[in-house]
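For reference, the structure discussed in these notes is given below.
The values are calculated or read from the model by the stated rules, or taken from the named source; none is laboratory data. Keep in mind that what you see is a predicted model, and the values were worked out from it rather than measured. Cβ placement follows ideal geometry from the backbone for every residue including glycine, while neighbour counts extend to all protein chains displayed. Only protein heavy atoms, including side chains, enter the accessible area calculation; ligands, DNA and RNA are left aside. Shrake-Rupley method; radii C 1.70, N 1.55, O 1.52, S 1.80 Å.
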Amino acid sequence: MSNGPAGHVARSTVRPYRETSRRTPMRTFLHTADGVSIDSVYDPGTVVNDASAPPARDLVFVVAHGFTGDVDRPHVRRVAAALARHGAVVTFSFRGHGASGGRSTVGDREVLDLDAAVGWARGFGHAHVATVGFSMGGSVVLRHAALRRGVDAVVSVSSPARWYYRGTAPMRRLHWLVTRPEGRLVGRYGLRTRIHHRDWDPVPLSPTEAVPRIAPAPLLIVHGDQDGYFPLDHPRMLASAAGDTAELWLEHGMGHAEHAAPDDLLARIGDWAAFRAG
């Protein structure tokens, strides 16, 4: 948690980790409060022999992927492997993605998917839960922490600050994908993402409206200065709305979300959460 002014930019140190052993992951389908089946994986993490390392056995990360991702995508598995050096990890496919049921609502009902995954993670006996979300998943972890609470640290990477943003070419393409029948066909057959045809009603709480409600849980906002989807006014709006209860990391040369997150950034995120969640 930052003690500086809103928008304060901070970086944590990289801590070396040494892998010694791994137990077998577990895979199942969870069921959300509205009855959607969610493909989910629990990885108990890597046992680390480092006396200065955070207490990994006490922490579980719940990873919320970006739009068109799923639990089996290589970039999601890479994130999970990096965080597993700091604690156990739960990954899952949002509704409408991969093998999960239902249809994507592009960040609205997905809060229920994350809530089911957090509940499952708690059931393994870990003392602390940290949610880590990317892009759409970044907005979901913010809203989940504001509406549901019950998590010990929140990391939001490449999240929008406001809805219906069309200021960049990638976001204009995404709106075509979501709002047009032919776009939803491309989503279903080209991207393995089944998108709901209905508009939001009501419009969900925006990320900027959500962040002031997250405290006292520590919040980390991460954004690349080369993000082609959401320019830097988005993370700065989030940091300003959160006030001095959040940290903002602006990553030089980084693009958008999981694909663009380098290994050293994932290590720093894991290190930050392991110390803040306790």
- Query: How much net charge surrounds residue 38 when only the other residues with a Cβ under 9 Å from the Cβ of residue 38 are counted, with Lys and Arg +1 and Asp and Glu -1?
  - Reply: -1
- Note on the structure: So, over other residues within a Cβ distance under 10 Å of residue 135, counting Lys, Arg +1 and Asp, Glu -1, the net charge is -2
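What order, most packed first, do the peptides 180-188, 32-40 have when packing is the mean number of other Cβ atoms within 10 Å of each residue? Let's see the in-between values first.
On the way: 180-188: 14.2, 32-40: 18.0.
The most tightly packed comes first, giving 32-40, 180-188.
Roughly to the nearest percent, how much of the accessible area of the stretch 139-278 is carbon and sulfur, given a 1.4 Å probe? Intermediate results must be reported in sequence, preceding the final value.
On the way: 3170 of 6060 Å².
The C+S portion of the solvent-accessible surface of the stretch 139-278 is 52 percent.
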- Extension length gain for residue 173 and residue 149 (0.36 nm per residue less Cα distance), in nm, is 5.3 nm
- Could you sort 97-104, 113-120, 229-236 so that the peptide with the highest average Cβ count within 10 Å comes first and the rest follow in order? 113-120, 97-104, 229-236
- Item | Label-point separation, residue 185 to residue 232 (7 Å along Cα→Cβ), nm | 4.2 nm
- Query: With every protein chain present, what is the per residue accessible area of the chain (1.4 Å probe, Å²)?
  - Reply: 41 Å²
- Sort out for me the Cα centre separation of the stretch 205-237 from the stretch 52-116, rounded to whole Å. 19 Å
- Task: Sticking with the crude label model, points 7 Å out along Cα→Cβ, report the distance from residue 201 to residue 77 in nm, one decimal please.
- Result: 4.1 nm
- Taking the Cβ of residue 95 as the centre, find all other residues whose Cβ is under 14 Å away and add up their charges (Lys, Arg: +1; Asp, Glu: -1). -1
- Query: From a point 7 Å beyond the Cα of residue 213 in the direction of its Cβ, which residues of the stretch 232-252 have a backbone N at a distance under 15 Å?
  - Reply: 242
- Correct option for P(r) over Cα pairs in 10 Å bins from 0, in percent [calculated from the coordinates] among [x] 7, 30, 37, 22, 5, 0; [y] 6, 24, 34, 24, 9, 2, 0, 0; [z] 7, 32, 39, 19, 3, 0: [z]
- Item | Ordering of 127-140, 149-162 by packing [mean C-beta count within 10 Å, highest first] | 127-140, 149-162
